[in-house]
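Working notes, structure below.
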Amino acid sequence: MTDATNTGSIYEIDARTKKRNAKEARFKLYGLIAIGMGLLFLIALVSTIIVRGVPAFQQAKLTLEVALPAETLDPNGARNPDDLRKVSTFGYSPLVDQALADALAANDIDNPFEDVADLRPILSSSVAAQVRDRVLANPDLIGGTSEFQLLASSRVDGYFKGRVTRDSVARDNNIDAAHFDVVDAMAEAGIISTGFNWDFITGADASESRPEQAGIGVSMVGSLFMMFVVLALSLPIGVAASIYLEEFATQNRFTDIIEVNISNLAAVPSIVFGILGLAVFIQFMHLPQSAPLVGGLVLTLMTLPTIIISTRASLKAVPPSIREAALGIGASKMQTVFHHVLPLAMPGILTGTIIGLAQALGETAPLLLIGMVGFIASNYPDGVAAGFLDPNSAMPAQIYEWAKRADPAYYERAWGGIIVLLIFLMTMNILAVILRRRFERRW
Amino acid sequence: MMKDNVENKVGVDAMNTKFSAKDVQVYYGDNHAIKDVNVEILDKTVTAFIGPSGCGKSTFLRSLNRMNDTIPICRVEGDILLDGEDINAPQVDPVQLRAKVGMVFQKPNPFPKSIYDNIAYGPRIHGLARNKAELDEIVEKSLRRGAIWDEVKDRLDAPGTGLSGGQQQRLCIARAVATEPEVLLMDEPCSALDPIATAQVEELIDELKQNYSVIIVTHSMQQAARVSQKTAFFHLGNLVEYDDTTTIFTNPRDPRTESYITGRIG
Amino acid sequence: MSPLILLIVVLVLAIAGYVLGRSRAVSSVEDVRTLHSLPNFYGMNVAMLAFVPAVLLLAVWVIVQPMVVSGQVRSDIPETMYENRGALSLIMSDVQRVADGIDTAIERGVIAAGDAATLDASGVRATLGGVGVALGSEVSPEVLSAALDYRSATATGDWIRTVVVLVVAIAGFLYAYTGTSGTLRARNRVEGGVLILLVTAALIAILTTVGIIFSLLFNTIEFFRLYPATEFFFGTTWAPSFGGGSQLGILPLLWGTLYISIIALAVAVPIGLFAAIYLSEYAGPKLRSFAKPLLEVLAGIPTIVYGLFALLTVGPLLVDVFGNGGLLGVGWMQGGTAVMTAGLVMGIMLIPFVSSLSDDIINAVPQAMRDGSYGLGATQSETIKQVVMPAALPGIVGAILLAASRAIGETMIVVLGAGAAARLSLNPFEAMTTVTAKIVSQLTGDADFSSPEALVAFSLGMTLFVVTLCLNVLALYIVRKYREQYE
């Protein structure tokens, strides 16, 4: 049994050891590559979101002086709201067209189109309604000229952001390169400019043909109402269930079943909770479809196991000596738990709850089944009851809806929506981290 | 400080020196765990390190085969020579060093593998066998040296974790022996064992000194007296006294050694 | 009384019970200290007994009454009017709308309350249209009479409900109040009540599971009544058509699910596992504190984001490489949505899942095991491959099974990234679809819930539930056993 390894000098590295060390280095490299790839994916994901989503926060708008002649808008001259309402958006469109043509003329911009209506593709199809709404709200404007900030169409908006180019519109029926000549000249004259798009954050969803008008605000409210339901139900129920299991339950078959049940529920695919919601809440209990209340109930059932698991961990972390101290001076078990254990575990419980809520906020699949997708959330709910019961969308469902619409302008909105959603999630997670750092106690 | 460290009375020429440590310091972060240790450890001899808990004897033992490398905050200074070669020299590969300086730990730590694979692990990674027959031979020889062959020869495929504590520790000793080391380091090898298993392991240590230099860290002074020929007494990171075992236990020179062996400190 | 008003009445009764019970207990003794429990507990005892049973009864009643009433009314509809249960449920929803409409009309004063019974079927649609209740078709006399029955039954039920709930509340109140005396063990009673509440909360978890199983099971049975089970489980064609004559074989969907999951795991397991090994065995504290949370960010990103990433970024990128006229010039890929697209993105999503679970498991392997190996002169990678990994294997298998169950149940990535065509093909660059994607598409249309094309979604859900449940139970069992080994 003579062997080179053990008899030679330790100063000389033998061939076998060299080979083994090379293997070691390779193995280490694989690990580094794996981490590198993970981080690379993260960077790719985040940079995609930012690069493609940030443009959604910019919007091209035209500043136009629109003449509002009394003879077309209010033929009777009585400013009677009912009469004013009779003039539909079709009555307003020519006014806006004319205003645009006038603006071009005033700035010596060459207008290649004979018919002023041919300039329409530059403007969003929502502008007539925009003007009409303002006139209906302020009938005094009729007869004068007022300045309006009007949305540019999504093609023109995309032209400013580089999404739409002259080449790409060659086969586009809606708009052609001649329009962009006009747009370039208008941008130089300051008639059209891009600015921060508050409407995207506060606005409502729009129909398929008007991506420039779509915003995430209403579905944000829908998500908010859902989160109210989730918080109001899952925190008390989760804490009560955890207290029972951790502090009172004796180790028996029944407790075992509940525990196995909870850990399995935590791993059930979210879509199954959607089926449950559809069958039980909508088909069986006849709760309204697309309502944040139902969404909240489904998400509560989904989040509950997560919250129970983290709450139990927090309760477990409170040392037995605290319980013994309280029991020792004659407090009942219930008093011990509610006066001593629960307050000490509270920071941990809240951290777990926030993380559970963040998970629920980003969840989409179950919402698809209870009808929170496909619904165009065009108005804010009027009142609290309506907020819970009226059909609404939720942020992730809204993003999914936009992703399905085949217009690249809607893809931009979807990425922008993701930025908004991620800002919420990040805030919640940072809050959880701060809570943990601030109140965490090591026993 | 220097006064604490005694001159090595045993002549280097009398017997073959295996390890020689010069001014060794070990730090754990800011904690100075081993201070100015100088010692010469002889070949084919059992050397015992004794001393109260936290005196640094295990730390010093672990620096002899650079096991302390696996602890990131640990730093070793001074020279430790194995057969005249500095084990901390930059060109030395700890992997190769540990093949020469085997180690047995406090708690038996068999791998979650079969008994055969536990023993064959070292020879396999160091390429000591050219074929299966040679490997079988090494396994049998090692198990015999570990004095456990008769107990396990019929169940070499059974998991090593299924053995009793004493058997597990002897398995670990056999595993260390299988790589044909020149020195065997034992870190309180009997502390987790019952008296019968302890007796078996001690008997084994006595046999092992025929072939190896054995260094054993122990809490039990009786054990040191039973198995070792040389004893080193550590206290608060210092090597207080190093001498023949009989001298240490019958006629210690340092008052601290005397206090310890008579049970006044420790 | 409407349920809300009834609830408020009971609540007021409970508050009164608290005040009265407390004062009765205090005045029953000379010295408050001689009471068995703190005075508050006596008040709470009365409030609890007045409130909880009555409100529970109310809640059950509100859910059960509509079911009982519509069961009764259903027998009013002659069998000649409908062909199957689906048609009946449509008629029943008409009945309900007419009944609700008449309520609205009475509320607005369009019809006098007494006149409702004498309404004529032919005029109902116009009358109700006038108050904003639009009906799809003319109301038949049968539907009208059923609606009137429905109204009267509901009214009777509401009336009985009010009486019964109030009686229960008052009975609870009186029982607790008259029983209040200085020696009553009020605290024990209140705590017993709280304990029941806690148990109820814990039972909700069981109820959820029961709800899932029942809602899947009943609809699945209904589906198999309309469509043979053997054709569902062994059919190789998935071609639903709402006009009838659908072929609903699950095999192409299962294959798509499996294929995508395999690709996802092929991405996630090596990367996740090597990352976990590096982080737990090699990385210094600096790299660890930086890379670990960053990798876990991947787990916190909602799946809709991954879905969009697959649809809009990864899909087009893959087409540029593998598509017609792509970089490789192979032309394997026709469109952005494909098994590969969804699989890759799902793999990215699962990386942190695999890595953090494996990290925990690798860290649980005792240091003594590693020391033993280093002591024999093994290198770090030899130790990891031959000692740590075999020791951690059961736990890692459990982690991979959990990741597999995640992959199988994942919805948004496949809905957006995998395509909609169900086919049995080996080409990973073709569009395929999965069980979850089809659940979504079958249940989000305007389909009538009683058609086999919609009901099949519940059978798909059942299959999904059973498969993931088995994986989870197995994985949790393995992980648990593994933990016990080193505790």
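The values are calculated or read from the model by the stated rules, or taken from the named source; none is laboratory data. Keep in mind that this is a model prediction, so the values were computed, not measured. So basically every Cβ, Gly included, is an ideal-geometry build from the backbone, and we count neighbours across all protein chains shown.
General observations
- One residue from C:282, C:259, C:227 being within 30 Å of residue C:365 (Cβ to Cβ) and either out of contact with any strand residue (DSSP E or B) (no Cβ under 6 Å at 6 or more places or on another chain) or in contact (Cβ under 8 Å) with a residue 40 or more places away in the chain (or both): C:282
- Pick from the range A:108-143, criterion buried (at least 20 other Cβ atoms within 10 Å of the Cβ) and among the charged types (D, E, K, R), ranking: nearest to residue A:97 (Cα to Cα): A:120
- Within the range A:147-162, the set of residues being surrounded by 16 or more Cβ atoms within 10 Å (Cβ to Cβ) and either modelled with pLDDT under 85 or assigned to a strand (DSSP E or B) (or both) comprises A:148, A:150, A:151, A:152.
- When the helices (runs of 4 or more DSSP H) confined to the range C:397-487 are screened for residues that are touching a Pro at 6+ places or on another chain (Cβ under 8 Å) and of a type in the set (Ser, Thr, Tyr), none reaches at least 3 such residues.
- Every residue from the range B:43-83 that is surrounded by fewer than 19 Cβ atoms within 10 Å (Cβ to Cβ), under 17 Å from the mean Cα position of the chain (by Cα) and hydrophobic (A, V, I, L, M, F, W, C): B:81
- Boolean, residue B:115 is surrounded by fewer than 23 Cβ atoms within 10 Å (Cβ to Cβ), out of contact with any Lys or Arg (no Cβ under 6 Å at 6 or more places or on another chain) and of a type in the set (A, V, I, L, M): no
- With respect to being more than 14 Å from chain A (Cβ to nearest Cβ), of a type in the set (A, V, I, L, M) and surrounded by fewer than 23 Cβ atoms within 10 Å (Cβ to Cβ), residue C:401 falls outside the description.
- A residue that is more than 24 Å from residue C:398 (Cβ to Cβ) and outside any strand (DSSP E or B) can be found somewhere in the range C:254-265.
- Pair list, Cβ under 6 Å, 6 or more apart: the range A:118-140 residue within 13 Å of residue A:88 (Cα to Cα), other residue at pLDDT 85 or above and not hydrophobic (A, V, I, L, M, F, W, C): A:126/A:210; A:126/A:213; A:128/A:92; A:128/A:93; A:131/A:92; A:132/A:92
- In the range C:421-441, residue farthest from the other protein chains (Cβ to nearest Cβ) [restricted to those that are surrounded by fewer than 21 Cβ atoms within 10 Å (Cβ to Cβ) and within 16 Å of residue C:246 (Cα to Cα)]: C:423
- Residue within the range B:103-124 that is closer than 20 Å to residue B:182 by Cβ, at the interface with chain C (Cβ under 8 Å from one of its Cβ atoms), hydroxyl-bearing (Ser, Thr, Tyr) and assigned to a helix (DSSP H, G or I) present: yes
- Residues that are more than 9 Å from chain C (Cβ to nearest Cβ) and surrounded by fewer than 22 Cβ atoms within 10 Å (Cβ to Cβ) were ranked within the range A:266-296; the one that is nearest to residue A:306 (Cα to Cα) is A:293.
- Residue-level check: of (1) among the β-branched types (Val, Ile, Thr); (2) touching a residue at least 40 places away in the same chain (Cβ under 8 Å); (3) at the interface with chain A (Cβ under 9 Å from one of its Cβ atoms), residue C:220 misses just (3).
- Counting the residues of the range B:200-225 that are free of Cβ contacts under 8 Å to residues at least 40 places away in the same chain and closer than 15 Å to residue B:146 by Cβ gives 2.
- Count - residues of the range C:365-378 that are in contact with a Lys or Arg (Cβ under 7 Å, 6 or more places away or on another chain) and surrounded by fewer than 21 Cβ atoms within 10 Å (Cβ to Cβ): 1
- Count - residues of the range C:414-429 that are more than 22 Å from residue C:241 (Cβ to Cβ) and over 24 Å from the mean Cα position of the chain (by Cα): 4
- Selection status of residue C:168, closer than 30 Å to residue C:22 by Cα, part of a helix (DSSP H, G or I) and touching a Phe, Trp or Tyr at 6+ places or on another chain (Cβ under 7 Å): no
- Inside the range C:285-296, residues that are within 7 Å of another protein chain (Cβ to nearest Cβ) and surrounded by fewer than 17 Cβ atoms within 10 Å (Cβ to Cβ) make up a count of 1.
Residues checked against (1) of a type in the set (A, V, I, L, M); (2) in a loop (DSSP other than H, G, I, E, B); (3) surrounded by fewer than 17 Cβ atoms within 10 Å (Cβ to Cβ):
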| position | (1), (2), (3) |
| --- | --- |
| C:94 | no, no, no |
| C:97 | no, no, no |
| C:107 | no, no, yes |
| C:117 | yes, no, yes |
| C:127 | no, no, no |
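- Residue count for the range A:388-408 under the criterion of being surrounded by fewer than 24 Cβ atoms within 10 Å (Cβ to Cβ) and not aromatic (Phe, Trp, Tyr): the result is 9.
- The residue pairs whose first member lies in the range B:76-99 and is away from chain C (no Cβ under 14 Å) and over 20 Å from residue B:17 (Cα atoms), whose second member is buried (at least 17 other Cβ atoms within 10 Å of the Cβ) and among the charged types (D, E, K, R), and whose beta carbons are closer than 6 Å, counting only pairs six or more residues apart or on different chains, do not exist in this structure.
- Any hit, the range C:177-192, residues being free of Cβ contacts under 8 Å to residues at least 40 places away in the same chain, more than 14 Å from every other protein chain (Cβ to nearest Cβ), surrounded by fewer than 16 Cβ atoms within 10 Å (Cβ to Cβ) and hydroxyl-bearing (Ser, Thr, Tyr): yes
- As for the range B:249-256, it holds no residue that is among the acidic types (Asp, Glu) and outside any loop (DSSP other than H, G, I, E, B).
- Comparison of C:357, C:328, C:376 shows that the only residue that is among the hydrophobic types (A, V, I, L, M, F, W, C), more than 35 Å from the chain's Cα centre (by Cα) and under 30 Å from residue A:21 (Cα atoms) is C:376.
- Checked against (1) surrounded by fewer than 20 Cβ atoms within 10 Å (Cβ to Cβ); (2) within 14 Å of chain A (Cβ to nearest Cβ), residue C:310 passes all but condition (1).
- Some residue of the range C:379-392 being assigned to a loop (DSSP other than H, G, I, E, B) and either more than 10 Å from chain A (Cβ to nearest Cβ) or surrounded by fewer than 24 Cβ atoms within 10 Å (Cβ to Cβ) (or both): yes
- The condition (being within 30 Å of residue A:401 (Cβ to Cβ), buried (at least 16 other Cβ atoms within 10 Å of the Cβ) and modelled with pLDDT of 90 or more) is satisfied by just one residue among C:362, C:351: C:351.
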